[in-house]
Every structure is written in C-alpha cells, then in structure tokens.
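Chemist: Here's a structure for you.
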Amino acid sequence: MSSQRVLVVDDETKMQRVLEIMLQRMGHEVVCAGNGEEALLAIRQAPADLVISDLRMSGMSGTELLKSLREQGNDVPVIIMTAYGTIESAVEAMKLGACDYIVRPFDVDALEIAITRILTESRMRRQNDFLRNEVEKGWGDFIGNSQPMQHVYDMIRQVAPGKTTVLISGETGTGKELVARALHRASPRSEALFVPINCAAIPEEILESELFGYVKGAFTGAIKDRVGKFELADGGTLFLDELTEMPIALQAKLLRVLQENVIERLGSNRLIPVDVRIVAATNRDPRQAISDGRLREDLYYRINVFNIDLPPLRQRREDIPALVHGFLGHQAGARGISAAAMRCLQDYGWPGNVRELQNVIERAAVLGRGEEIDVRHLPLEMTADRADAGISPPVGFASLELTPAVDRLEAAMITEALKRSGNNKSKAARLLDISERALWYKLKKLDLQG
Ligand SMILES: Nc1ncnc2c1ncn2[C@@H]1O[C@H](COP(=O)(O)OP(=O)(O)OP(=O)(O)O)[C@@H](O)[C@H]1O
Ligand SMILES: [Mg+2]
C-alpha cells in the first residue's frame with residue numbers, strides 16, 4: 001500500500017514515539033500532536049488519512065477531538081486508544097463515529113492489521129466516490145431525446161475527435177459544463193486531464209497566475225513555483241467557463257497563447273510549449289458581450305471555431321418528463337409524481353433551466369418524504385400563476401379601460417422580475433420571456449426606473 005499520512009495524538013511523548021516507530025516501519029508518514037487543539041491545527045495545515053488519538057488527554061479529550069472534526073465536515077477515520085477499564089467511553093466514541101478502538105496495553109500485530117484495514121477501506125471508498133462522480137458527470141448522463149438535444153449530441157460526436165476549439169453557449173443551467181466534459185470524454189485526449197477554470201469565480205488578480213502558473217518570487221506571496229491550469233491540461237482539455245467574465249487585458253494574453261501554443265509562467269521568461277484543447281462556455285450572448293466591451297472580438301473568432309448552442313428547457317419541454325424521472329431516480333425513497341404536478345412542471349418557464357428543475361425535484365422529494373410528489377410539493381411560483389388557478393386583476397374592476405390596466409399589470413410583473421433577478425436586465429427579460437430590447441422599451445414606455 002502506498003504511503004499514507006497518519007496523525008498520532010497523545011499527551012505522552014513516549015506513546016507518540018512507540019506509535020511513530022511502528023507506523024514508519026509500516027511505510028507511513030507520521031505527524032504527532034500533544035493534544036486535541038494541536039491536532040486540529042495540524043489537520044488544517046495538511047489533511048491526514050488516519051487519526052489515532054488517546055481518549056484521555058489534558059485539555060480536549062479524544063471524543064471531543066472526534067466531535068470537532070466531524071463538525072468541521074472532516075470524515076477522516078479515527079482510532080481511539082483507551083486504557084483498560086474505560087471501555088464504556090470507547091464505545092461512546094464508536095457511536096460518535098470513531099472507526100475502531102484499541103485497549104492499552106495493545107498488541108502490535110493486531111493494531112497493524114487494524115490500521116491497514118482501515119486505510120485500505122477508506123482509500124477504496126475515496127476511489128469509488130471519485131469514480132462515481134466522474135461517471136455521474138459523464139457522457140452517458142445526458143437525459144432527453146428531443147430534436148434539439150439530438151442535434152447537440154450529433155455536434156458533440158462530430159467535433160470531439162479533433163482539436164477544434166469549441167464555444168458552448170446557452171442560458172444558465174442548460175448543461176454547458178456537461179457538454180464540455182462529454183466532449184473531453186469522447187475525444188482522443190480523454191486519458192489526459194479535463195481542467196475546468198471558472199473565470200467568474202476567481203478574483204481578477206489571481207486568474208492570470210491560475211492560468212499560467214508562476215515562479216517563486218514572481219510577486220509577494222509566491223513562495224514556491226506553481227504550475228498553472230494550462231500546463232495541467234497539457235495533452236488534455238482546458239475548460240474556460242464564463243469566458244466573458246475574463247478581464248479584457250487577460251483576454252489579449254490568452255489570444256496570444258492560443259495562437260502560439262506556448263505559455264510563460266509569471267515571473268519567468270522561459271517558454272513552455274503546451275498542447276491543449278480549449279473549450280469555452282458563456283451564458284451571455286457572445287455578440288452582445290462584444291458590443292458591451294466584455295469580450296474581445298478577435299478572441300471570439302479564435303475560440304468560436306465551432307459553436308454548440310444549448311437550447312433553453314422551455315424550448316424542449318418534451319424532455320421534461322424524462323428529466324423529472326431521471327432526477328427522481330437519484331432520490332432515495334421518492335415514489336413517482338402525480339399527473340397534475342407533472343403538468344405544472346411542463347408549463348413552467350424554467351429560467352434556471354435543467355439546474356432549476358433538478359433543484360425543484362430534489363426539494364419536492366424531501367418535502368414529499370417518500371410520498372408521490374404532488375402540486376403542493378412544488379414551489380409557489382410554479383403553481384400560483386397557472387391559468388386554472390384564476391387570475392386576480394391588479395386593479396380591481398372599477399374601471400374597465402384596458403390599456404391602463406394592462407400597463408399596470410406589465411409594470412407590476414416587470415418590477416417583480418427585476419426584483420427576482422437582482423436588477424439584472426437580461427435575467428429579468430428571460431424571466432418575462434421577452435427580449436432584452438423589448439424590456440428596455442417597456443421600461444421607458446412605462447416610465448420605470450431601469
Ligand atoms: N440534458 C441533461 N441531462 C441531465 N442532467 C443535465 C442535463 N443538462 C444539465 N443537467 C444537469 O443540470 C445541472 C446544470 O448543468 P451545467 O452545470 O452543465 O449547466 P451550465 O450550462 O454550465 O450552467 P451555468 O451557466 O449556470 O454554469 C448539472 O447538475 C447537470 O448535471
Ligand atoms: Mg456552468
């Protein structure tokens with residue numbers, strides 16, 4: 001078994017030594033801590049694969065340490081050591097999630113066997129989690145056979161084999177990342193890495209060093225060399241997510257790299273050749289982004305060699321039942337869905353597309369607690385504005401003049417859409433299912449604050 005990192009927590013240095021020698025002989029890396037607080041610190045600095053802790057220590061006890069770890073969301077396996085006579089507390093520790101306990105004085109062989117078993121199990125569990133994640137994100141995980149989606153699958157198959165740069169566009173939640181991963185998987189590069197980088201989520205100042213890496217001393221805080229995502233993706237695929245959020249100056253640099261296929265780490269002038277396929281995604285209209293000055297036109301042409309545009313869910317409603325059943329299948333215990341609830345889902349506008357649908361199903365399955373999912377388990381906005389639920393006039397029927405009443409209804413709905421979208425015009429327009437231009441026009445006409 002490869003070397004693993006074991007954290008030994010004991011307030012007796014003699015005991016630390018004994019365990020250290022034994023673990024090192026087994027080929028593991030050992031870190032010792034004299035109490036619970038030190039142990040928490042050590043684990044924050046570098047994660048451990050196993051913790052062996054004494055039960056009774058000055059300060060934080062072994063069980064308290066275990067509790068803190070779990071509260072921090074750390075599920076590292078913990079073995080509790082206990083002196084003869086305090087077995088009840090050891091059993092207590094097992095209930096809190098310790099994976100084993102040993103009674104002192106202990107039998108070295110038995111302890112070695114226990115350690116090997118626990119480390120092997122947890123490594124297998126990690127590998128399985130990883131594989132399951134990979135499979136869940138993979139090619140075979142697309143649901144939906146509508147015409148527009150079949151067209152998408154065809155395009156993926158066509159473009160995957162080469163090195164063509166691909167721009168994936170489409171509203172939020174339509175599956176752009178899923179497509180990017182599928183492209184990689186179906187390509188001859190699938191043995192190398194798929195490296196995603198989200199240009200919107202990474203602060204401007206560090207995006208450049210994330211992409212290209214840096215050498216020690218390149219800037220304050222650069223205490224050692226670091227490989228960038230471009231180098232990581234060598235031979236594989238680099239996924240530039242939310243490309244339009246990349247600062248313009250960096251876009252110029254990226255363009256140069258794409259033309260020349262070499263990078264320089266920050267602070268170095270050594271040219272490193274890279275062989276990377278670029279897949280980029282954006283949920284903005286790229287043309288609009290160009291005219292807004294967010295996307296360099298020359299970069300757009302360099303990247304948009306092949307475009308896959310994902311259709312919003314409301315334009316392929318026939319996929320909704322399959323998606324619902326697919327997502328319900330992932331929810332343990334859920335027992336189907338009523339026809340009325342399915343109708344609501346099929347009629348809704350889905351501004352958040354497949355991701356929103358996934359969330360709604362997850363939530364409904366929780367609320368339904370194993371019952372059939374029904375209308376009452378769905379969010380209000382999906383059920384309240386249905387035609388058969390009746391419409392209440394925003395103005396009463398005192399006057400039957402149509403134009404001012406319609407204007408007021410429009411104004412109320414636009415205001416609500418702006419509120420829900422955090423005053424983001426393009427999102428609000430999508431919620432209203434009108435073009436952004438139409439929204440601007442209406443804002444002006446209705447004299448609303450834009
Ligand atoms: N056709 C599909 N079949 C099954 N699941 C899908 C499909 N499309 C999207 N999903 C799921 O919906 C969620 C959102 O997809 P994804 O992250 O790819 O969207 P996105 O277009 O990148 O959104 P954003 O622009 O917000 O980043 C993911 O959990 C994804 O697995
Ligand atoms: Mg995405």
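Chemist: Answer yes if at least one residue in the stretch 214-225 is part of a helix (DSSP H, G or I) and more than 16 Å from ligand 1 (Cβ to nearest atom), and no otherwise.
Modeler: Among the residues of the stretch 214-225, not one is part of a helix (DSSP H, G or I) and more than 16 Å from ligand 1 (Cβ to nearest atom), which makes the answer no.
Chemist: Going residue by residue through the stretch 220-237, is there one that turns out to be under 30 Å from Pro351 (Cα atoms), buried (at least 17 other Cβ atoms within 10 Å of the Cβ) and assigned by TED's automatic domain parsing to the domain that holds Thr164?
Modeler: yes
Chemist: Identify, from the list Arg44, Arg25, the residue that is free of Cβ contacts under 8 Å to residues at least 60 places away in the same chain, among the charged types (D, E, K, R) and closer than 15 Å to Leu111 by Cβ.
Modeler: Arg25
Chemist: Given the residues Glu177, Glu204, which is the only one that is at pLDDT below 90 and not small (Gly, Ala, Ser)?
Modeler: Result of the check over Glu177, Glu204: Glu204.
Chemist: Let me ask you something else. Could you list all residues from the stretch 168-196 that are away from ligand 1 (no atom under 13 Å from the Cβ), surrounded by fewer than 21 Cβ atoms within 10 Å (Cβ to Cβ) and of a type outside the set (S, T, N, Q)?
Modeler: Result: Arg185, Ala186, Pro188, Glu191, Ala192, Leu193, Val195.
Chemist: How many of the residues in the stretch 327-368 are under 19 Å from Asp433 (Cα atoms) and not in a helix (DSSP H, G or I)?
Modeler: Of the residues in that region, 5 qualify.
Chemist: Among the residues of the stretch 235-264, how many are within 27 Å of the chain's Cα centre (by Cα) and either at positive phi or assigned to a loop (DSSP other than H, G, I, E, B) (or both)?
Modeler: Number satisfying all stated conditions: 5.
Chemist: Given the conditions (1) of a type in the set (Asp, Glu); (2) assigned by TED's automatic domain parsing to the domain that holds Leu240; (3) part of a loop (DSSP other than H, G, I, E, B), which single one is not true for Glu371?
Modeler: Result: Glu371 fails condition (2) only.
So that you can scan it fast, the table gives a plain yes or no per residue for (1) closer than 27 Å to Arg430 by Cβ; (2) within 16 Å of ligand 2 (Cβ to nearest atom); (3) not in a strand (DSSP E or B):
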position	(1), (2), (3)
Tyr153	yes, no, yes
Val179	yes, yes, yes
Ala182	yes, yes, yes
Ser187	no, no, yes
Ala192	no, no, yes
Ser209	no, no, yes
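Chemist: In the stretch 286-326, how many are within 29 Å of Asn261 (Cβ to Cβ) and either part of a helix (DSSP H, G or I) or within 16 Å of ligand 1 (Cβ to nearest atom) (or both)?
Modeler: Of the residues in the stretch 286-326, 17 are within 29 Å of Asn261 (Cβ to Cβ) and either part of a helix (DSSP H, G or I) or within 16 Å of ligand 1 (Cβ to nearest atom) (or both).
The values are calculated or read from the model by the stated rules, or taken from the named source; none is laboratory data. Everything numeric here is computed off the predicted structure, so don't read it as measured data. Note that we place each Cβ from the backbone using ideal geometry, even for glycine, and neighbour counts take in every protein chain shown.
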